[in-house]
Amino acid sequence: MDVLEAINKRYSCRDYLDRPVEPDKVKKVLDAARLAPSARNFQDWRFVIVTDKALRAKMSEAANNQKFVGQAPVIIVGCSNNNHVMRCGQAVGPIDVSIALEHIALQATAEGLATCWIGSFYPEKVRTILGIPDNIMVIEMMTLGYPADQKKPPKREPLQAIVSYEKWSFKA
Ligand SMILES: Cc1cc2nc3c(=O)[nH]c(=O)nc-3n(C[C@H](O)[C@H](O)[C@H](O)COP(=O)(O)O)c2cc1C
């Protein structure tokens with residue numbers, strides 16, 4: 001599957017089959033994260049992989065009771081200990097972890113799996129459930145599994161609404 005095909009096929013899956021993901025496939029998607037770019041090549045991302053059913057149920061609760069979070073056979077918790085702010089004023093940790101997580105989403109798609117970003121969660125609850133130390137930021141989570149639903153046509157703005165050439169020429 002080429003990259004654009006994976007980009008087109010990826011969607012937010014909120015219904016998963018009750019089927020474990022083969023450890024080899026999990027490893028492959030995690031390797032896609034490992035190979036992601038990061039500011040100054042810090043690679044300060046850390047990923048906690050949750051497959052235990054009882055833990056997943058707790059994680060679902062911590063994710064604002066989003067039921068599919070517990071239904072997914074794998075939850076990937078993206079963390080960072082990097083507090084650097086780049087010259088541009090943006091924080092390294094969340095950006096680097098996000099790039100790596102999207103690598104995961106695309107590789108998962110190429111493996112016939114599906115994912116969903118999870119930003120609606122209480123980090124302190126996740127910290128307690130997984131024993132994540134106080135100095136580590138819990139940045140975003142991602143569910144992973146075999147889909148039980150299907151992608152709907154994506155709602156996206158046309159290119160001309162989001163791109164301007166040579167100078168800022170947006171109306172708003
Ligand atoms: C940073 C981030 C956080 C998100 N958090 C959630 C979430 O907590 N629950 C959820 O159901 N979807 C979540 N989503 C999924 C978005 O709703 C979804 O990507 C968007 O509606 C576009 O749909 P698509 O991913 O199917 O193309 C999140 C997406 C991103 C990028």
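The values are calculated or read from the model by the stated rules, or taken from the named source; none is laboratory data. Since the structure is predicted, the reported quantities are computational estimates derived from the model, not experimental observations. Cβ: placed from backbone, ideal geometry, glycine included. Neighbour counts: every protein chain shown.
Miscellaneous remarks
- Answer residue from region 125-172, given it is touching a residue at least 12 places away in the same chain (Cβ under 8 Å), loosely packed, with under 15 Cβ neighbours inside 10 Å and within 13 Å of the ligand (Cβ to nearest atom) and is nearest to THR51 (Cα to Cα) among those: ASP149
- Residues that are part of a strand (DSSP E or B) and in contact (Cβ under 8 Å) with a residue 60 or more places away in the chain, drawn from region 108-124: ALA114, THR115, CYS116, TRP117
- Residue within region 88-99 that is away from the ligand (no atom under 15 Å from the Cβ) and either modelled with pLDDT under 95 or in contact with a strand residue (DSSP E or B) (Cβ under 9 Å, 6 or more places away or on another chain) (or both) present: yes
- Residue that is farthest from the chain's Cα centre (by Cα) [pool: residues in region 21-62 that are closer than 25 Å to THR128 by Cα and among the β-branched types (Val, Ile, Thr)]: THR51
- Every listed requirement among (1) free of Cβ contacts under 8 Å to residues at least 60 places away in the same chain; (2) among the basic types (Lys, Arg); (3) more than 25 Å from GLY131 (Cα to Cα) is met by LYS67 save one, (3).
- Restricting ASP52, ASP15 to residues that are more than 16 Å from the ligand (Cβ to nearest atom) and surrounded by fewer than 19 Cβ atoms within 10 Å (Cβ to Cβ) narrows the list to ASP52.
- Qualifying residue in region 75-85 (condition: free of Cβ contacts under 8 Å to residues at least 12 places away in the same chain, over 14 Å from THR143 (Cα atoms) and within 16 Å of the ligand (Cβ to nearest atom)): no
- Residue, nearest to the chain's Cα centre (by Cα), within region 125-172, restricted to residues that are basic (Lys, Arg) and in a loop (DSSP other than H, G, I, E, B): LYS151
- Matching residues, region 37-46, being crowded, with 18+ Cβ neighbours inside 10 Å and either of a type in the set (D, E, K, R) or free of Cβ contacts under 8 Å to residues at least 40 places away in the same chain (or both): ASP44
- Residue within region 46-58 that is closer than 26 Å to PRO154 by Cα and at pLDDT 95 or above present: no
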